[in-house]
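The values are calculated or read from the model by the stated rules, or taken from the named source; none is laboratory data. Keep in mind it's a predicted model, so treat the numbers as computed, not measured. Every residue, glycine among them, receives a Cβ derived from its backbone with ideal geometry; neighbour counts consider all protein chains shown. Please note that ligands, DNA and RNA were not included when accessible areas were found on the heavy atoms of the full protein model with its side chains. Shrake-Rupley method; radii C 1.70, N 1.55, O 1.52, S 1.80 Å.
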Amino acid sequence: MGLGPRSPHKVGRRFPAGGKRGRGAKGSGRPLPGSKRQPWPPPDRRSEPPPDLHPHLSPEALGYFRRALSALKEAPETGEERDLMVHNIMKEVETQALALSTNRTGSEMLQELLGFSPLKPLCRVWAALRSNLRTVACHRCGVHVLQSALLQLPRLLGSAAEEEEEQEGEDGKDGPTETLEELVLELAAEVCDDFLFYCGDTHGSFVVRTLLQVLGGTILESERARPRGSQSSEAQKAPARECKPADFEVPETFLNRLQDLTSSFLKDIAVFITDKISSFCLQVALQVLHHKLPQFCAYLCNAVIGYLSTRSSSVDGSPLLLFLRDQTSSRLLEQVLLVLEPPRLQSLFEEHLQGQLQTLAAHPIANFPLQRLLDAVTTPELLFPMFEELSPVLEAVLAQGHPGVVIALVGACRRVGAYQAKVLQLLLEAFHCAEPSSRQVACVPLFATLMAYEVYYGLMEEEGAVPAEHQVEMAAARALGDVTVLGSLLLQHLLHFSAPGLVLRSLGALTGPQLLVLAQSPAGSHVLDAILTSPSVTRKQRRRVLQNLKGQYVALACSRHGSRVLDAIWSGAALGARKEIAAELGEQNQELIRDPFGHHVARNVALTTFLKRREAWEQQQGAVAKRRRALNSILED
């Protein structure tokens with residue numbers, strides 16, 4: 001599909017989904033790792049010492065720790081018995097810390113045990129590994145043990161840890177002389193002394209990244225969202241979408257050491273820009289510094305941009321354009337764009353990128369840093385030239401398989417509050433539903449599936465022919481297509497525009513079964529969330545869309561994602577609407593109770609009380625509504 005007049009080849013082609021990242025992701029445009037030899041580390045540097053240097057963990061010891069961990073999980077969460085059990089297990093861990101760390105099964109169990117460990121036992125285990133720090137840090141299993149130990153700091157630092165230390169003071173003869181703070185600083189010093197080695201090592205770089213976060217008192221979302229044996233069961237059950245960067249208090253010595261490590265990046269800035277493994281460490285450093293030491297973050301960003309700007313000039317402009325097309329350096333530049341302050345971002349755009357956005361949008365790699373640039377836009381002054389440059393080629397960008405650029409531009413319009421009506425009109429034109437105007441009511445299925453009108457409805461139109469009017473019966477008879485993640489994001493942005501009326505009318509035109517498919521979709525369910533939460537959607541508009549779900553509540557309740565949508569609808573529903581939902585669900589009470597998702601909805605609705613004691617149910621729901629109104633009035637004040 002492309003720009004220009006309609007043509008037969010345009011009709012039979014859909015917009016490629018695009019937007020995937022990672023190792024060889026389809027449509028990512030990033031070549032597979034290994035296609036180019038990385039300059040670092042040198043061939044003689046090995047990630048892991050020879051196997052015979054690692055102590056052997058006997059099957060008996062492995063069995064003991066497996067049984068001990070199982071017993072610890074089943075023990076009460078508090079009490080002397082549990083404390084004694086943890087103390088005894090960690091004493092055994094201390095004697096075999098290195099063997100456990102370098103054994104695949106043993107390291108996984110040790111990670112979990114560290115999550116249960118109090119302050120002193122953890123310090124003793126850490127001290128036991130101290131003489132083999134490089135061995136553990138550069139071992140494929142040991143590195144995760146060190147990461148898990150570092151990630152216990154938010155739990156153990158502070159007043160609670162100090163109280164525990166005082167209580168265990170009499171046990172000092174068993175403990176190391178070093179405090180937890182001293183052990184972390186010792187690790188940081190070891191890493192700082194051979195910084196280039198650890199950052200360039202496949203496994204050691206993970207330790208550096210986690211150490212940077214701990215020193216900065218900021219555990220990044222990507223780290224918290226990754227399941228880890230050392231996390232508590234509650235943390236593992238928490239969905240990734242709830243994870244946010246977690247800040248915690250750290251000693252001043254940690255921030256000083258973080259500054260030292262930051263200086264180490266500057267000594268070999270070329271390596272950290274061009275080497276894939278080392279670059280990850282610099283990316284994490286930028287995120288941490290952006291949270292805790294923004295002035296150092298700006299200094300580091302300027303160093304990166306300054307270095308790249310002095311390289312050989314690109315044929316078509318700034319040297320920076322060459323690095324935006326490179327698989328490794330483009331990822332670093334993505335992070336730089338996200339943490340730059342608005343004035344510096346404006347000057348970077350004007351000096352290096354203005355006039356090149358269409359070229360970047362079409363490139364299989366450079367389109368990703370362009371998306372991050374759009375994500376970072378917060379001012380109309382920066383959005384205006386970018387919008388003017390990209391708006392003529394939205395359809396071409398979609399046809400090239402880079403819808404992420406379009407979604408990022410729409411997100412910038414939402415965030416800044418400018419060009420919203422214009423970008424919506426451009427989207428209608430790109431999806432071929434702007435003219436005739438009757439087609440506009442079909443925009444939601446097209447946006448959700450990222451398909452042009454002719455492709456979605458299977459029409460064949462001759463070149464130059466007048467576009468056919470929208471057929472309501474045809475649209476109602478067609479099942480909703482597969483909702484894409486990027487299509488869902490596009491609709492969420494549009495629903496948060498100041499005037500989402502057109503999108504809401506299109507949603508209201510969906511039949512009940514079509515709206516049900518949208519609500520049951522993993523990606524589409526978030527479109528319903530946007531309807532319920534967007535401040536631009538009035539209560540009347542919301543009710544007009546959601547009324548099409550009448551008759552679909554049981555199917556909604558018995559779906560993994562639909563049940564969550566129904567819970568959200570229930571939370572915001574008035575008493576009259578709640579009666580309608582409960583009455584419809586009550587007709588299939590037994591089916592709901594047997595369903596793994598439906599029985600949770602039945603409990604949330606208090607369906608048994610509704611069916612057997614209607615008066616009591618109404619009083620209960622009335623009291624809930626009153627409390628909600630009171631809370632809303634407090635929040636508004």
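Averaging Cα coordinates gives a centre for the range 399-465 and one for the range 552-627; these two points are 37 Å apart. Rounded to the nearest 20 debye, the dipole size of the range 311-380 about its Cα centre is 140 debye, using +1 on the Cβ of Lys and Arg and -1 on the Cβ of Asp and Glu.
Summing +1 for each Lys or Arg and -1 for each Asp or Glu among the other residues whose beta-carbon sits under 14 angstrom from that of residue 509 gives +3.
When only Cα pairs under 8 Å and 6 or more residues apart are kept, what is the percent relative contact order across the range 337-493?
On the way: 158 pairs, mean separation 30.8, N = 157.
Over the range 337-493, the number comes to 20 percent.
Electrostatic bookkeeping for residue 192 treats Lys and Arg as +1 and Asp and Glu as -1; over the other residues with beta carbon under 9 Å from its beta carbon, the sum is -3. The apolar share of the surface of the range 581-633, taken as the fraction of accessible area on carbon and sulfur atoms (1.4 Å probe, ligands and nucleic acids excluded), comes to 50 percent. The figure for residue 248 is an accessible area of roughly 30 square angstrom, using a 1.4 Å probe on the protein chains alone.
Heavy atoms only, probe 1.4 angstrom, no DNA, RNA or ligands counted: give me 310, 78 ranked by accessible area, highest first.
Details: 310 90, 78 115 Å².
The most accessible residue leads, giving 78, 310.
Once neighbouring chains are kept in place and the probe is 1.4 Å, which whole percent of the accessible area of the range 254-334 is contributed by carbon and sulfur? If you can, show how the numbers build up before the last one.
Working: 1650 of 2990 Å².
Ligands and nucleic acids excluded, carbon and sulfur give 55 percent.
Residues with beta-carbon under 12 Å from that of residue 497, excluding residue 497: net charge, scoring Lys, Arg +1 and Asp, Glu -1? Charge balance near residue 497 sits at +3.
Can you give the Rg to Rh ratio of the range 240-390, both from alpha-carbon atoms, with Rh computed by the Kirkwood formula? Don't jump to the answer; show the numbers that get you there.
Details: Rg = 15.9 Å, Rh = 16.3 Å.
With Rg and the Kirkwood Rh in hand, the quotient comes to 0.98.
Mind checking the range 412-463 for chymotrypsin sites (Phe, Trp or Tyr not before Pro) that DSSP puts in a loop (not H, G, I, E or B) and that have at most 10 other Cβ atoms within 10 Å? Sparse-neighbourhood loop chymotrypsin sites (Phe, Trp or Tyr not before Pro): none present.
Accessible area per residue (1.4 Å probe, heavy atoms of protein chains only) ranks 276, 612, 540 as 612, 540, 276, with the largest value leading. Just want to confirm a number: the relative contact order over the range 523-637, from Cα pairs under 8 angstrom separated by 6+ residues, in percent. Relative contact order for the range 523-637 comes out at 22 percent. Once the Kirkwood radius over Cα pairs is known for the range 63-123, the Stokes-Einstein relation at 10 °C and 1.306 mPa s delivers a diffusion coefficient of 137 µm²/s. Applying 1/(1 + (r/R0)^6) with r as the Cβ-Cβ distance of residue 462 and residue 435 and R0 = 25 angstrom yields a FRET efficiency of 0.90.
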